[in-house]
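Written out below as structure tokens is the structure these notes cover.
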Amino acid sequence: MKEEPIKSFRDIPGDEVIFSGTPACAGCGGLLTLRHCLKALGDRIVIVNAACCFTLLAIYPLTPFRNSWLYTAMASAPAGAQGVRDALDVLIEKGKLDSEEDLKVVVLTGDGSAYDMGLSSTSGALDRDLDFYYICYDNEAYGNTGFQKSGATPLGSKTATTPPGKRHPMGSELPKKDLFDIWKSHRPPYLATISPAYPLDLINKFRRAGQHRGPKLFISLVPCPPGWGTDPSRSVDLAKLSVETGVWALKEAVSGEVRHTVVPKRFKPVEEYLRGQGRFAHLFRPARQEETLMEIQERVDEYWRLHKLLL
Amino acid sequence: MLSLRVHGRGGQGVKVASRILGTAAFLEGFYVQDFPLYGAERRGAPIAAFVHISEDPIMERGVISDPDMVVVMDETLLQDAGAKPLSGLRTNGVVLINTSRTPEEVTADHGVEAQVVTLDMTKMSLTMLGESILSTPAGSAAAGIVGIGEEYLKEAAERVLAGILSEGEGLDENVKLALSVFRAVTPLDIKTVEAPPEASPVIIVSFEPAQISSPTINALGNSPLRRTGNWRVFRPVWNHKVCTKCMACLARCPDGCISLDEEGFPCVDYENCKGCLICVRACPAEGIEKVREAQVL
Amino acid sequence: MKRDMLTGNAAAAWGVRLAEVDYVPAYPITPQTEIIETLAKWISDGMMDARFVSMDSEHSMITAAGAASATGARTFTATSSQGLLYGFEMIYTVAGWRVPLVMVNVSRGLSSPLTLEPDHNDIFAIRDSGFLQIHCETCQEVLDSIILAYRLAEDEQVLLPVMVNMDGFYLSFTREPVEIPDPEEVREFLPPYRPKHAFFMASRPMAQGVAVLGGSAYSYFKYQMHLASLKALEVYGEICAEFEKKFHRGYGPVEGYMLEDAEYALVMAGSFSTLGKKAVKRARDRGIRAGLLKLRLLRPFPEAYIRRALEGKRAVSVLDQNISVGKGGILYSEVASCLFNSKKKPVLLSFIGGLGGKNISPQEFEFIFEKMIEAFEGGPSGPHLLYTEKEWDDISILKRTAEKEGDA
């Protein structure tokens, strides 16, 4: 992998590793993320997948991938990655497989598996210092089953299981789990947040990650038109807004040391990001839920204050 | 008993359409059974819903393989090998299609052997609601053709849509659209003949070793065969005079449908472009236009 | 070839070592833990050229094992009861992947109530999954069955994973004389695994375990698994004939003990078949023409073998060391369905015994033969839950100690 960081769209590798014709929704922020990640990784990979929307990218007899793929189950993609990685290593070691046949192992999951059910197997893989990549595309709910609350659902979000009502007007009443910190506590060599709206930042992060052996993990906040109640054409704009309002921090942690890679010079108010989304509409209509809106803004401000990037 | 199948794509409101029809029939006093068949929640995937309407208790379960009437909310499904919306339609059956073309044109194009009723639901919805909402017109048109009373259709639309929209979110406009569409169609006396069953005898399944019979795919990157270009309502069209070749559109397309031609201008795989229109918004020169999809692939 | 005193667990470890397995992902659970500890030691000392990984749960362990097998490595792992059920969905998944993973289950009763001692509810819970099942009576069978299992699983006509079952404690921790075959001879019998249908390599990408939508497509894949399992019965016969020629030990899908001329037959599986055989001998001494049918291959279910063995008998008792709560013995139902259409079907009785490692005493075996003779003369009875008076007295004391009894 080249070490030079790329600076413009022209430098993005041209070849597609994932082809069109997938049943992913039009405007899927996760698909855009994956497209860029695979451009960074190339096709000498095997993707090990846990149950999520992207499980349906490969439906017999069609696959969009030029690379290999293994669907495992919802909780254990990192364990599947362990098996593939170890098998490749031992087969090559024993001379049963040519070293030119080696592949990078890439776990691909949604937030449901990453934040909830798959925590145990991920912790195990991190603990064992497995040499693999992990890409989590986070649309902040269990998307494939109809957008129900997950550990990644933020405060105030409508989901199918946290519908705003008379007794519970807020929607989701719990804050979002901090997966970045959970993973970071295992001190993997490389960990980063990425965004489909910042492909140069994304690809450069993969290039930096590629210099390390061991777990290399990525979390991407991805707009989800059906789940977020937004127009497919706005997915990139929303991803940009999530960064510009400070809701989604773009950062990396190399062996636990955190550095922010994109910091807005002036943060836009979080409301600008929330207002256009159907899943937050109840915070504005029929009446503004001021307390909740303030709390959401406050949590974002608190994060940046803690990192000394906001006065 | 009347059995209907409603075909569309995920996100088009197939389930809601079937429920508007089912509820209307229920309110008029019929026995009704309706259900949608879908797997993962996904916009664009072909979806079907089934509705039985009867004066007697309904002794049916499962999918309807020989409907009296088929509603096709997305005409591109007529070519979709997976969807096959007309399969099993009984002789003298009725097909209601959302299209801007005439019944004769549709019959000629697709070799449809049935009574074809056409209605440009997309246009009616765009005109009255400003967006393409197909559930309301599809359910209402079906109710009209089947001969349900207007007052029941109105109440059904209000009930079903109230669960989805709130006041001020377009509930009234949708009900207006429902009635408009309902009045635009003529009730038909649908009397079908049970079609001779497709001759497909039961076989003895023969053994095939795992190299053939395992659920693996040896082909690479063959998903473009799915031709998701069928999903579009609008298509992006480039203006090369304005294009600065900045490649923002290439970078922003989630499906990787945009590549460069010999002159370095963006060119699009329209066979698979889903019409998300991210590229239209991403172009800094405002050089991409969104055009209503009239052509069927 | 050497001969030594080995526990069932040690014999299993030897089977794995002789099979020259590449990869062992592991997770501990009583009573299988010694298997993985032995393998870990050999690998650490370089006596076995393989990779060993301690996993974070059985669900992860079975996933890793299946994934390694799907990559093209010969893989082994072991578990028991709670662990097997914790990874239950992956058992079905790995079978559906059509990869030749071989596992050992050391059978143990299922919680609740929690126990460590053996019965067959755990292994039978996976009978529908697509895993083939071989049940062992002796420690020798354990070693031999693992070698047979790899040969069976990796056969191109089969390509289904195999579970070798041994009873916890009564085999896993019990030592018996075992012949350890010569590695070179085993290598001749079991060639290296060179998959043509499932592997990961850069030059030939493939998508494995993909989703399938549409009932008829799904049905195709499941039907083919079933047909492959039935094919495995033929293949099993062929490879056991080859094994017998080479190692002088024969293993049919079933084993008859004094069965040919028997009028009254017992049907059992697992290590307690030894007690069953002893009971048959004692019954013969009492003048009863008794016999025993031991089931070794449970999946595929050796339908024709069982029917041939039991047709024409006066009465047959299936002794289940498992219970399907609300119905009765699992093997009983399977044997009954196999005999149902036979014109010479025997009277069939059901006995449940040995749950959670409970002993089956000579008195209980006598009871079984008594009931069979009664049934032949006057019609069947049961199903019978085997329990002795002494056992009832014992549990009564326990109940009182736990203050569970009312005023005595």
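Observations on the model:
- Of all residues assigned to the range A:105-112, at least one qualifies as being within 22 Å of C:MET61 (Cβ to Cβ), of a type in the set (A, V, I, L, M) and within 10 Å of chain C (Cβ to nearest Cβ).
- Flag for C:ARG108 being basic (Lys, Arg), crowded, with 21+ Cβ neighbours inside 10 Å and in contact with a Gly (Cβ under 9 Å, 6 or more places away or on another chain): yes
- Complete set of residues in the range A:9-33 that are more than 7 Å from chain B (Cβ to nearest Cβ), at pLDDT 95 or above and assigned to a loop (DSSP other than H, G, I, E, B): A:VAL17
- Any hit, the range B:109-130, residues being under 19 Å from B:GLU28 (Cβ atoms) and either surrounded by 23 or more Cβ atoms within 10 Å (Cβ to Cβ) or at pLDDT below 90 (or both): no
- Some residue of the range B:73-83 being away from chain A (no Cβ under 14 Å), of a type in the set (S, T, N, Q), outside any loop (DSSP other than H, G, I, E, B) and in contact with a strand residue (DSSP E or B) (Cβ under 7 Å, 6 or more places away or on another chain): no
- Only residues that are at the interface with chain B (Cβ under 9 Å from one of its Cβ atoms) and among the hydrophobic types (A, V, I, L, M, F, W, C) were counted in the range A:34-49, giving 1.
- Yes/no for C:ARG286 being under 27 Å from C:SER229 (Cβ atoms) and either assigned by TED's automatic domain parsing to the domain that holds C:ALA232 or among the basic types (Lys, Arg) (or both): no
- Residues that are farther than 24 Å from A:THR22 by Cα, hydroxyl-bearing (Ser, Thr, Tyr) and either assigned to a loop (DSSP other than H, G, I, E, B) or touching a residue at least 40 places away in the same chain (Cβ under 8 Å) (or both) are absent from the range C:253-262 altogether.
- Residue list for the range C:335-364, filter: surrounded by 18 or more Cβ atoms within 10 Å (Cβ to Cβ) and more than 24 Å from C:LEU297 (Cα to Cα): C:GLU364
- Residue satisfying all of: in the range C:206-239; of a type in the set (Phe, Trp, Tyr) and within 8 Å of chain B (Cβ to nearest Cβ); farthest from C:SER145 (Cα to Cα) among these: C:TYR220
- Of the set (1) farther than 24 Å from B:CYS279 by Cβ; (2) more than 9 Å from chain C (Cβ to nearest Cβ); (3) not in a helix (DSSP H, G or I), all apply to A:LEU97 but (2).
- In the range C:29-74, the residue that is farthest from C:TYR150 (Cα to Cα) out of those that are of a type in the set (Ser, Thr, Tyr) and facing chain A (nearest Cβ under 7 Å) is C:SER57.
- Helices (runs of 4 or more DSSP H) completely within the range C:12-108 that count 3 or more residues being charged (D, E, K, R) and either at pLDDT 95 or above or closer than 20 Å to A:ALA51 by Cβ (or both): C:33-44
- In the condition set (1) in contact with a helix residue (DSSP H, G or I) (Cβ under 7 Å, 6 or more places away or on another chain); (2) more than 8 Å from chain C (Cβ to nearest Cβ); (3) over 25 Å from A:ILE203 (Cβ atoms), A:ASP116 is compliant with all but (1).
- Scanning the range A:73-89 for residues that are in a helix (DSSP H, G or I) and either acidic (Asp, Glu) or facing chain C (nearest Cβ under 7 Å) (or both) yields A:ALA79, A:GLY80, A:GLN82, A:GLY83, A:VAL84, A:ASP86, A:ALA87, A:LEU88, A:ASP89.
- Among the candidates A:VAL262, A:VAL247, A:VAL222, residue that is out of contact with any strand residue (DSSP E or B) (no Cβ under 6 Å at 6 or more places or on another chain), among the β-branched types (Val, Ile, Thr) and at pLDDT 95 or above: A:VAL247
- Checklist (1) more than 20 Å from B:PRO284 (Cβ to Cβ); (2) touching a Ser or Thr at 6+ places or on another chain (Cβ under 7 Å) applied to A:VAL243, failing item: (1)
- When B:GLY221, B:GLY264, B:GLY275 are checked against the criterion of being out of contact with any helix residue (DSSP H, G or I) (no Cβ under 6 Å at 6 or more places or on another chain), within 14 Å of chain C (Cβ to nearest Cβ), of a type outside the set (S, T, N, Q) and assigned to a loop (DSSP other than H, G, I, E, B), B:GLY221 stands alone in meeting it.
- Some residue of the range B:32-53 being out of contact with any strand residue (DSSP E or B) (no Cβ under 7 Å at 6 or more places or on another chain) and outside any loop (DSSP other than H, G, I, E, B): no
- Elements of type helices (runs of 4 or more DSSP H) in the range B:120-214, at least 3 residues being in the same structural domain as B:ALA25 (by TED's automatic domain parsing), at negative phi and hydroxyl-bearing (Ser, Thr, Tyr): B:121-129, B:135-146
Let's see how each residue does on (1) surrounded by fewer than 22 Cβ atoms within 10 Å (Cβ to Cβ); (2) over 27 Å from C:GLU89 (Cα atoms); (3) within 15 Å of the chain's Cα centre (by Cα); (4) not assigned by TED's automatic domain parsing to the domain that holds C:ALA228:
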| residue | (1), (2), (3), (4) |
| --- | --- |
| C:THR138 | yes, yes, yes, no |
| C:VAL164 | no, no, yes, no |
| C:GLY168 | no, no, yes, no |
| C:PHE173 | yes, yes, no, no |
| C:PRO177 | yes, yes, no, no |
| C:GLU188 | yes, yes, no, no |
| C:ARG204 | yes, yes, no, no |
| C:ALA207 | no, no, no, no |
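- Flag if B:LEU250 is exposed (fewer than 14 other Cβ atoms within 10 Å of the Cβ) and not assigned by TED's automatic domain parsing to the domain that holds B:GLY130: no
- Residue check: C:LEU152 meets all listed conditions (1) touching a residue at least 24 places away in the same chain (Cβ under 8 Å); (2) touching a Ser or Thr at 6+ places or on another chain (Cβ under 6 Å); (3) of a type outside the set (Ser, Thr, Tyr) but one, namely (2).
The values are calculated or read from the model by the stated rules, or taken from the named source; none is laboratory data. Given the structure is predicted, the values throughout are model-derived calculations rather than measurements. FYI the Cβ positions are ideal-geometry reconstructions off the backbone, even for glycines, and counts take in every protein chain you see.
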